[in-house]
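The structure appears right after this line, and notes come after that.
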Amino acid sequence: MQGSSKINSDGITCYTGSFNFGAGIGATKPGAAFSYQWVYNGKVIESGSSRLPAGSRDNYVFSKDTIDPPDGTHTVTYRITSPVSRTKSVTFTMCPTAP
């Protein structure tokens, strides 16, 4: 998660405003090609293909668009769809907005 956060009155870290997502990825060979999806609350919000940098077996990738989630709990998933399938999800909470 990349965005502003704070600890709410229940002691839970919650986020405010707009942000995008990031994930660390790795492969067994440098410059490996892969296909991916970003899934937000069960809906694919981005998909595409990319390649790790030449000479590198890992990288940090980011979603292209920012989102502005409403209050409440949400889940984002980064899914590698090829050459193998791998999935990693995180659940986060948006802070209530002031009345």
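The values are calculated or read from the model by the stated rules, or taken from the named source; none is laboratory data. All values reported here derive from a predicted model rather than from experimental measurement. FYI the Cβ positions are ideal-geometry reconstructions off the backbone, even for glycines, and counts take in every protein chain you see. To get the accessible areas, we keep the full protein, side chains included, count just its heavy atoms, and leave off ligands, DNA and RNA. Shrake-Rupley method; radii C 1.70, N 1.55, O 1.52, S 1.80 Å.
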Working note, the chain: Cα radius of gyration (Å, one decimal) and Dmax (Å, whole number) are 15.4, 52
Enter the accessible area of V76 (Å², nearest 10), with the probe set to 1.4 Å and all protein chains included. 10 Å²
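Quick one: accessible area per residue over the chain, 1.4 Å probe, rounded to a whole number of Å²? Please list the in-between numbers first.
Values: 6190 Å² over 99 residues.
Averaged over the residues of the chain, the accessible area is 63 Å².
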Could you report the accessible area of I12 in Å², rounded to 10, computed with a 1.4 Å probe on the protein chains as they sit in the structure? 80 Å²
For the range 32-76, what class follows from the C-alpha gyration tensor (a ≥ b ≥ c being the square roots of its eigenvalues): rounded when a/c is under 1.5, otherwise prolate if a/b is larger than b/c, else oblate? prolate
Place a +1 charge on the Cβ of each Lys and Arg in the chain and a -1 charge on the Cβ of each Asp and Glu, then give the dipole magnitude about the Cα centre in debye, rounded to the nearest 20. 500 debye
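Counting only protein chains, not ligands or nucleic acids, how are T16, T28 ordered by accessible area (probe 1.4 Å), most first? Show your work: numbers first, answer last.
Working: T16 55, T28 130 Å².
Ranked list, largest accessible area first: T28, T16.
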For the range 27-99, what % of the accessible area comes from carbon and sulfur atoms, probe 1.4 Å? 52 percent
So, taking all protein chains as they sit and a 1.4 Å probe, how much accessible area belongs to T13, in Å² rounded to tens? 60 Å²
Summing +1 per Lys or Arg and -1 per Asp or Glu among the other residues with Cβ less than 9 Å from C95's Cβ gives 0
Most to least accessible of R79, R57 (protein chains only, probe 1.4 Å): R57, R79
